[in-house]
Amino acid sequence: MELLSGADMIARFLKDEGVEYIYGYPGGAALHIYDALFRQDAVKHILVRHEQAATHAADGYARASGKPGTVLVTSGPGATNTVTGIATAYMDSIPMVVLCGQVASHLIGEDAFQETDIVGVTRPIVKHSFIIKHPTEIPTVLKKAYYLAASGRPGPVVVDIPKDMTAPTERYEYVYPKKVKLRSYNPVTRGHTGQIKKAVELMLKARRPVFYTGGGVVTGDASEALTDLVQRLGYPITTTLMGIGAYPQRDRQSLGWLGMHGSYEANMAMHHADLIVAIGARFDDRVTNNTSKFCPTAKIVHVDIDPSSISKTVRADVPIVGPAGSVISEMISLVQGREPANPEALTEWWERIDGWRDERRGKLYEPAAPGEPLKPQQVIEAICEVTRGEAFVTTDVGQHQMFAAQYYKFDKPNRFITSGGLGTMGFGFPAAMGIKQNYPDDDVVCITGEGSFQMMMQELSTCKQYGVGVKIVNLNNQSLGMVRQWQDLNYKSRHAHSYMESLPDFGKLIEAYGFTAIRVEREEDLLPALERAFADKDELVFLDVYVDPREHVYPMQVPLGSMRDMLLSKTERT
Amino acid sequence: MRHIISILMENEPGALSRVVGLFSQRNFNIESLNVAPTDDATLSRLTVTTVGDDRVIEQITKHLNKLIDVVKLVDLTEGNHVERELMLVKVKALGAQRDEVKRTVDIFRAQIVDVTPSVYTVQITGDAAKLDAFLQAMSPIGVLEVARTGVSGISRGDKVLSL
């Protein structure tokens, strides 16, 4: 039997749970825990420069590795600074455990120094939360936290730890709980076979089918199974932004991603489909556009591990509650040895899809004329080329995010890492940091804009401390591009506060942290600069690429329209 | 349509706030809410009446079920059920009104549980409609204060909501 203080129990538990990294920031209420971390070396703590960055770094780690991320902060402002990161992880169903120091139990409710009811503050944005009431609870509560975060539909879990729970003077028996059970929580492990059979019958009879898959396939580790199923049937597939890479984008059956800025052919195919097989996607408003006009001729099969996602915005004809992986495997075994019933209709369907593809071929954007500023799209294409489409790409939020999703081609899941649901500016750089530490031999690039980057640029200091060699490509259009685009389209180009009048000299800024920055303005400098940046995997390099501020992201769905109602350029509309 | 949803939840601090928070967070209605411990000390029973079409009610029950503290729930309005609410009302009772109040109390099978020279405190149980009717009957005389518990309910027959 081993007697440990609450703080030592936490450190020991994290080791026993296999946690490799904690992203955090110390402060009064967390100091006992920090002292316990100091006295061990199994778990590595990464000191960030802002608690929000800790959550994004843990989030990036979780997205790339599939394992829960861990965050440790102090009470009050330390805890409230994690709110945006927790909400980001919640919206994208990312497993994360956030350990918050709290003022001592006898002070709770007295407006003590650095006291915040963080469980109350985060209640709507967590999968669950706990407050430690007695040090002996620590191992079980932490086990529950990790179990809840990673199982079922994953999500963030907050554990609030009053300072007296970690007091070094009080020691209790510690046993690592191998398993925990919660009587009210039993995530489904497989779908209903009858429903799956029904879905497969519809799939085989379909004349104009489309697979529409989302983040659930990525987090459910079901990409291989999905690829197998889709290729057996030979049907077209489009993914959500969160589902990018679950099916190889360079394959002929891939229509790219769908929705507000999705590909023309994906949106057209969805609108004209007679069967939509949605797996691990949630029909959110950036995908469906106006739900009353959504896919008027399609029957809908909807597979999701979360029953509340099904028929939330669009009614499913065949709802299937279950994890993507097991449902897809069952579908494969039912499809095995059978052929689609309408091969001629499917041939015609592919002809129509290829027709849509041809319509837009070579017209996606206007390349820069000589002497004109670079187009952001061509910068992304160049990054894809230099990294052979194999990098981990994180983004912030705005035009650069959409361009990155459109012009970088991903053949693997967990490689495109973006804040899809919450749309958090500032996410990309700390997320890249979290990934690079765990994949030191891979290229990790944060594609960002000068607006987003400035929200979390203090993490340059963290990268310096730990030698994190991420690449940062700043698509510098000297404006908040997506805001500006909406102002161009909806507010007669009145650019209210979308112009950054006093941008820093990024070169000097980056150099101040001891890193290399390269400024790129001309097309001929782009590839050499990228090659230089990616030459050394261990070196952080910042590329400040000046791009055309007038560029818009297209296609763009027309508000209140159907999937097929899109602006295709500044002058074309479907 | 009005629904009565009965929920067994962990008797843990914060559980109630998760349920109530869910309703405001997702823009669902709460008409009444009633919560108390059960015969099992680890469980509380919460009964909420809400209004919504089938799609909304389906979302409400799905989201409630998702809460980790919710162990089990039932939509009582899906089947035969007994629904009761208790109300305490202070009504003006002066002169001739005293008899009038007493008569109405008898008609509604309510009870007078406290008396002063000018006020009767009446206790009445029944479904929400009966309580409303009683308040309406009393309104010409003068209703001074109302305390309602909110609806509690249980299904008829052999079916039970338990673990």
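Among the residues of the range B:4-13, which ones are of a type outside the set (A, V, I, L, M, F, W, C), closer than 9 Å to B:ASP69 by Cα and either facing chain A (nearest Cβ under 9 Å) or without any contact (Cβ under 8 Å) to a residue 12 or more places away in the chain (or both)?
B:GLU10
Considering only residues of the range B:1-49 that are among the polar types (S, T, N, Q) and under 18 Å from B:ARG148 (Cβ atoms), which is farthest from the chain's Cα centre (by Cα)?
B:ASN29
Yes/no matrix, rows are residues, columns are (1) among the small types (Gly, Ala, Ser); (2) at negative phi; (3) within 14 Å of chain A (Cβ to nearest Cβ):
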| position | (1), (2), (3) |
| --- | --- |
| B:VAL74 | no, yes, no |
| B:ALA96 | yes, yes, no |
| B:VAL113 | no, yes, no |
| B:THR116 | no, yes, no |
| B:TYR120 | no, yes, no |
| B:GLY126 | yes, no, no |
| B:LYS159 | no, yes, no |
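Report, by residue number, each residue of the range A:105-131 that is within 26 Å of A:GLU17 (Cα to Cα) and of a type in the set (A, V, I, L, M, F, W, C).
Taking the range A:105-131 first, the residues within 26 Å of A:GLU17 (Cα to Cα) are A:118-119, A:122-123, A:125-131.
Residues satisfying the conditions are A:ILE118, A:VAL119, A:ILE125, A:VAL126, A:PHE130, A:ILE131.
Which of the strands (runs of 3 or more DSSP E) found entirely inside the range B:1-108 contain at least 2 residues meeting this: buried (at least 20 other Cβ atoms within 10 Å of the Cβ)?
Qualifying strands (runs of 3 or more DSSP E): B:2-10, B:43-51, B:70-75, B:81-92.
What is the residue count in the range A:333-359 for residues that are of a type in the set (Ser, Thr, Tyr) and either within 16 Å of A:ARG208 (Cβ to Cβ) or touching a Ser or Thr at 6+ places or on another chain (Cβ under 8 Å) (or both)?
Total meeting the criteria: 1.
Applying the selection to the range B:120-142, what residues are part of a strand (DSSP E or B) and buried (at least 17 other Cβ atoms within 10 Å of the Cβ)? Show your work before the answer.
Taking the range B:120-142 and keeping what is part of a strand (DSSP E or B), we get B:120-126.
Matches in the range B:120-142: B:TYR120, B:THR121, B:VAL122, B:ILE124, B:GLY126.
Could you check A:PRO187 against (1) surrounded by 19 or more Cβ atoms within 10 Å (Cβ to Cβ); (2) within 14 Å of chain B (Cβ to nearest Cβ) and say which number it fails?
(1)
Look at the range A:263-320 and say how many of its residues are within 14 Å of another protein chain (Cβ to nearest Cβ), among the hydrophobic types (A, V, I, L, M, F, W, C) and within 23 Å of A:VAL558 (Cα to Cα).
2
To keep it simple, each residue is scored yes or no on (1) farther than 26 Å from A:THR88 by Cα; (2) aliphatic (A, V, I, L, M); (3) surrounded by 23 or more Cβ atoms within 10 Å (Cβ to Cβ).
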| site | (1), (2), (3) |
| --- | --- |
| A:TYR365 | yes, no, no |
| A:VAL393 | no, yes, yes |
| A:TYR408 | no, no, yes |
| A:THR418 | no, no, yes |
| A:PHE429 | no, no, yes |
| A:PRO440 | no, no, no |
| A:MET456 | no, yes, yes |
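For A:ASP164, indicate whether it is under 22 Å from A:GLY220 (Cα atoms), away from chain B (no Cβ under 14 Å), in contact (Cβ under 8 Å) with a residue 24 or more places away in the chain and of a type in the set (Asp, Glu).
no
If I ask for residues that are assigned to a loop (DSSP other than H, G, I, E, B) and touching a Pro at 6+ places or on another chain (Cβ under 9 Å), which ones from the range A:397-456 would you list?
Hits for the range A:397-456 are A:LYS409, A:PHE410, A:ASP411, A:LYS412.
Would you kindly identify the helices (runs of 4 or more DSSP H) lying entirely within the range A:1-87 that contain at least 2 residues that are under 30 Å from A:GLU390 (Cα atoms) and outside the structural domain of A:PHE416 (by TED's automatic domain parsing)?
A:51-65
Can you name the number of the only condition in (1) touching a residue at least 40 places away in the same chain (Cβ under 8 Å); (2) surrounded by 18 or more Cβ atoms within 10 Å (Cβ to Cβ); (3) in a helix (DSSP H, G or I) that A:HIS106 fails?
(2) is the only condition that A:HIS106 fails.
Return the only residue of B:VAL122, B:VAL115 being touching a residue at least 24 places away in the same chain (Cβ under 8 Å) and aliphatic (A, V, I, L, M).
B:VAL122
Would you check if there is a residue in the range A:208-219 being closer than 30 Å to A:ALA29 by Cα, surrounded by 15 or more Cβ atoms within 10 Å (Cβ to Cβ) and of a type in the set (Ser, Thr, Tyr)?
Checking the range A:208-219: not a single residue is closer than 30 Å to A:ALA29 by Cα, surrounded by 15 or more Cβ atoms within 10 Å (Cβ to Cβ) and of a type in the set (Ser, Thr, Tyr).
Say whether the condition of being within 14 Å of another protein chain (Cβ to nearest Cβ), within 30 Å of A:ASP117 (Cα to Cα) and in contact with an Asp or Glu (Cβ under 9 Å, 6 or more places away or on another chain) is met by at least one residue in the range B:46-56.
no
The values are calculated or read from the model by the stated rules, or taken from the named source; none is laboratory data. Since this is a predicted model, take the numbers as computed values, not measurements. Neighbour counts run over all protein chains shown; Cβ positions are idealised from the backbone, glycine included.
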